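Scroll down for the structure; my scribbles are underneath it.
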Amino acid sequence: MKRNTIIKLLIISILLTALTSAFYGTQHDRKSFKLAGCSELDYKSQVRAVIGAIKTKKQSPCEARLLVKTAGFPLPFLYDDLTTKGVGDITLKDNIYFKPLLINFTFFTILTLVVYGIKKSTFLSTVVFLILLSFLITLASSFYPSKDTVVTSGEGYCGESSPCRVEVITGGFPFQYLYDNLGTSVVGVLSFQDNIRSKPFFYDMLFYFVILLVFSRIKSKKA
């Protein structure tokens with residue numbers, strides 16, 4: 001690979017990493033302990049309280065105040081600094097964490113290298129195309145109707161005995177991966193707001209990928 005190509009790929013990776021600062025979220029920021037009413041001198045006891053809260057599945061009052069606005073993808077690397085003006089707005093004056101920034105940069109560097117390799121390699125481009133096609137066929141297979149039972153404790157489904165098994169509509173072929181969510185979505189209608197099970201989804205993708213790969217090999221031999 002030429003030096004100019006490497007420089008171009010690195011510049012693209014830097015730009016992509018910087019552009020992800022437009023992706024906002026919220027995270028717990030350790031630097032805001034003092035501002036959140038948690039004493040820095042009492043840090044160890046705060047950590048013990050947080051660990052205890054996690055074990056009991058409860059949120060400690062201290063940690064509840066540590067949620068700040070963040071930016072970055074796939075990992076947040078820019079945290080809102082509560083000591084500066086414009087709380088709630090992300091700027092370069094806020095807290096920058098270099099470890100997730102480096103991880104994001106590495107991620108986009110690998111991504112650009114893969115895209116570059118796919119562009120240069122017929123084999124890689126074929127594999128990526130087959131994976132994408134398998135993904136789309138798996139999504140389309142959710143229209144294949146079937147039924148299965150799930151355990152639920154929803155009101156109106158179980159009566160006095162709770163939890164109980166309820167028959168629901170499902171989607172996916174050959175493995176069912178999309179299950180009707182009785183709690184949040186329209187009952188009897190499948191959408192991607194329903195419960196998606198990752199293992200059968202992966203098995204369906206693998207199933208279609210193998211079929212497409214065999215088909216493409218047969219086609220290439222005939223040609």
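What follows is calculated from the coordinates using simple rules that are stated; it is not laboratory data. Model, not experiment: these values are computed from the prediction. Every residue, glycine as well, gets a Cβ built from its backbone with ideal geometry; the counts of neighbours run over all protein chains shown.
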Quick one: of LYS8/LYS119; LYS119/LYS199; LYS8/LYS69; LYS8/LYS120, which pairs are farther than 23 Å apart, Cα to Cα?
LYS119/LYS199; LYS8/LYS69
Simple spin-label model, 7 Å along Cα-to-Cβ: LYS8 to SER198 in nm?
3.6
